[in-house]
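Read the structure below first, then the notes.
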Amino acid sequence: MKQQAFDPGLTNQFSGELRRTINRDGSFNVHRKGLRVQDANLYLKLIDTTWTRFFLFVLLAFLGVNMIFAGAYLALGPEHLQGADPEMNAFMNAFFFSVHTLTTVGYGNIYPKGNWANLASAVEAATGLMFFAVITGLLYGRFSRPSARILFSSRALIAPYQDGTSLQFRLTNARDNVLMDLDARVLLMTVEPADGQLKRNYFDLPLERRRVYFFPLTWTVVHPIDSDSPLYGKTPEDLAKSAAELLILIRGFDDTFSQTVNARYSYRHDEFVWGAKFVPAFSVDPKGDLVLEVDRIDELRMVG
């Protein structure tokens, strides 16, 4: 049996130019199509989406529910809402009565009259309890979910290393929480001709140090480019021709949440800087304390 090529889960097939495999935010450059309605998970989408989109969804849902019940009150007739403000139109009275009922504020200036109006307000009160319970659960889920905020240098370097060269990139923790026992996995993905067609190849790059116990400062991840390295003897033109991309997975233990967190990143061949070294981003102050300047993570200098 022919030995299968190594595939980390991103397929060896190549059918066209790909912008990048892993986006800058750590998400995979994969768009799903053909999903059925029952496959959608609104909870996961609202947990993973941005805060702006989340609050926009909550606002639209809140307005939508109130407009539905306002329409129901209008359909029953404006006379079923007693105490309505005569200076406002019927819809606005019904809408704000719906808001008061949904939120259980109940100022008392408007109240329902008749069996159907009272039934509608009772259904809306129950809907309001469930609506805010769901929103509270989503807020708790978003705040309590452990996540890593690991910053990566904007460029990877081909830098001098001992008697040769190395591939390097730098990372740091952007938050004050304590991350421990960090592990790095680095893959080099290239596109090469094989059997008359183009295929992706993946190489697990050996690292000078694959794991660090503590992560209070920066960590420069180094892959020595020796004769066994897939980068050995390569030029920028060679990497561009093979559409080389560096795929990175960082996994660590979050001491605050007592859970494992991870971060993903990638560097394309055009994001490599050749003949440069990182400038230290931390120093010792006059009191003898270490000071980390996070905004200097990208700082580098060219070397001869």
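Odds and ends about this structure:
- Leading residue by the ranking (farthest from residue 172 (Cα to Cα)) among those in the stretch 288-302 that are within 29 Å of the chain's Cα centre (by Cα) and in contact (Cβ under 8 Å) with a residue 24 or more places away in the chain: 300
- Any hit, the stretch 84-98, residues being hydroxyl-bearing (Ser, Thr, Tyr) and either under 30 Å from residue 147 (Cα atoms) or open to solvent by 40 Å² or more (accessible area, probe 1.4 Å) (or both): no
- All positions within the stretch 259-279 that are open to solvent by 80 Å² or more (accessible area, probe 1.4 Å) and under 23 Å from residue 148 (Cα atoms): 259, 260, 264
- Any hit, the stretch 102-109, residues being crowded, with 20+ Cβ neighbours inside 10 Å and either in a loop (DSSP other than H, G, I, E, B) or out of contact with any Lys or Arg (no Cβ under 7 Å at 6 or more places or on another chain) (or both): yes
- When residue 118 is tested against the conditions (1) in a loop (DSSP other than H, G, I, E, B); (2) more than 40 Å from the chain's Cα centre (by Cα); (3) of a type in the set (S, T, N, Q), the lone failure is (1).
- Leading residue by the ranking (nearest to residue 248 (Cα to Cα)) among those in the stretch 24-54 that are open to solvent by 100 Å² or more (accessible area, probe 1.4 Å) and polar (S, T, N, Q): 52
- For the stretch 235-258, the candidate set comprises residues that are more than 15 Å from residue 173 (Cβ to Cβ) and open to solvent by 40 Å² or more (accessible area, probe 1.4 Å); within that set, the residue that is nearest to the chain's Cα centre (by Cα) is 249.
- Of the criteria (1) open to solvent by 40 Å² or more (accessible area, probe 1.4 Å); (2) out of contact with any helix residue (DSSP H, G or I) (no Cβ under 8 Å at 6 or more places or on another chain); (3) touching a residue at least 12 places away in the same chain (Cβ under 8 Å), which one residue 285 fails: (3)
- Looking only at the stretch 212-234, residues that are loosely packed, with under 12 Cβ neighbours inside 10 Å, in a strand (DSSP E or B) and not hydroxyl-bearing (Ser, Thr, Tyr) come to 1 in all.
- Subset of the stretch 138-162 (residues that are in a helix (DSSP H, G or I), surrounded by 12 or more Cβ atoms within 10 Å (Cβ to Cβ) and small (Gly, Ala, Ser)): 141
- Pair list, Cβ < 6 Å and 6+ apart or interchain, from the stretch 191-218 residues that are under 30 Å from residue 178 (Cα atoms) to residues that are of a type in the set (Ser, Thr, Tyr) and at pLDDT 85 or above: 218/172
- Only one entry in 298, 195, 254 is at positive phi and acidic (Asp, Glu), namely 195.
- Count of the stretch 70-83 residues which are open to solvent by 30 Å² or more (accessible area, probe 1.4 Å) and touching a residue at least 40 places away in the same chain (Cβ under 8 Å): 2
- Residues of the stretch 163-211 that turn out to be in contact with a Phe, Trp or Tyr (Cβ under 9 Å, 6 or more places away or on another chain) and in a loop (DSSP other than H, G, I, E, B), as a count: 4
- Residues that are charged (D, E, K, R) and either within 30 Å of residue 43 (Cα to Cα) or outside any loop (DSSP other than H, G, I, E, B) (or both), drawn from the stretch 77-101: 79
The values are calculated or read from the model by the stated rules, or taken from the named source; none is laboratory data. It should be emphasised that the depicted structure is a prediction, and the values quoted were computed from it without experimental measurement. Methodologically, a virtual Cβ is constructed for each residue, glycine included, from the backbone with ideal geometry; neighbour enumeration extends over all protein chains shown. Accessible surface areas use protein heavy atoms only, side chains included; no ligands, DNA or RNA. Shrake-Rupley method; radii C 1.70, N 1.55, O 1.52, S 1.80 Å.
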